[in-house]
1. With n ≥ 4 as the cut-off for DSSP H runs, can you work out [θ] at 222 nm for the chain, using -39500 (n - 2.57) per run divided by the number of residues, rounded to the nearest 500?
2. Once the dipole of the range 64-161 is set up with Lys and Arg at +1 and Asp and Glu at -1 on Cβ about the Cα centre, which of A130, A153, L111 lies farthest towards its positive end?
3. For L111, what residues show an amide H to amide H distance below 5 Å, using hydrogens built from the backbone and excluding near sequence neighbours?
4. How large is ³J(HN,Hα), in whole Hz, for each residue of the range 111-126 in order, when computed from phi with the Karplus curve 6.51 cos²θ - 1.76 cosθ + 1.60 and θ = phi - 60°, using x for Gly and Pro?
5. Which of the three applies to the chain, rounded, prolate or oblate, going by the alpha-carbon gyration tensor with a ≥ b ≥ c and a/c under 1.5 meaning rounded?
6. Can you tell which of G78, G28, G51 shows the greatest fluctuation in a Gaussian network model of the chain with Cα springs below 10 Å?
7. Report, to the nearest 10°, how far helix 77-97 tilts away from the longest principal axis of the Cα atoms in the chain, using its own Cα long axis and a range of 0 to 90°.
8. Working from Cα positions, state the angle (0 to 90°, nearest 10) between the long axis of helix 181-204 and the longest principal axis of the chain.
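Every read-out reported here was derived from the displayed coordinates using simple, explicitly stated rules and does not represent laboratory data. The shown structure was predicted, so the numbers you read here are calculated from the model rather than taken from an experiment. Cβ atoms come from the backbone with ideal geometry, glycine included; neighbour counts cover every protein chain shown.
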Amino acid sequence: MRTPLKAEFTVPTAPLAKAVAEEWAAQGEHIQPATMPFTRLVNSAIDGARGREDSIMDDILSHAASDLLFYRADAPEGLVAQQSLYWDPVLAWARDDLGAPFVLGEGVMPLEQPQASLNRVRDRLAGFDAFGLSALHVMTALSGSALLALAVALGRLTPEEAWRAGHVDEDWQISQWGEDSEAAARREERWRDFAAAARMLDLHKG
């Protein structure tokens, strides 16, 4: 089996290989890539991340420099409380466990983060290979937060907790105005990809 760029399709652990094999075994007459998240993740790791680990880390760090968790609403009170409830513990973990305190602000004006804190995040990212970084990159893009993705990877949050934290603003809007069915379907699809990336991190450990 080959990747889209014709590289040899190999994975580092037997559990991950089993998950990929199960995806292929579940296919019917026609292959449905949308139902094969592990295969897609492995292809991305091999074709897009292997040999480009520094570039992937830089991209994740660019998200960390403007992380979702830093930008707070000043109103309404209910939303402010929800952001604090779900985001403050993650920021406390980053400060205390990663040695990475960050600056918070209200609104959308850019915030300048301490370079030392970003360096601490990069130090943790350096512990992941192409497969781990590829999964983290997907989780960061889908949640809007490199810190939430890293918290899952390092065992601070479950994937479900991180996903909920990444959608505080969206869930607040839904609570006020209701949910659109098409938007709900798109969110469910994104969640499946996020959960698969988190699961790949576990399978990659063996």
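1. My calculation for the chain gives -20000 deg cm²/dmol from helical runs alone.
2. A130
3. none
4. Coupling constants for the range 111-126: 10, 8, 9, x, 4, 4, 5, 5, 5, 5, 5, 4, 4, 6, 5, 5 Hz.
5. oblate
6. Its mean-square fluctuation being the largest, the pick is G28.
7. 70
8. Value to nearest ten degrees: 70.
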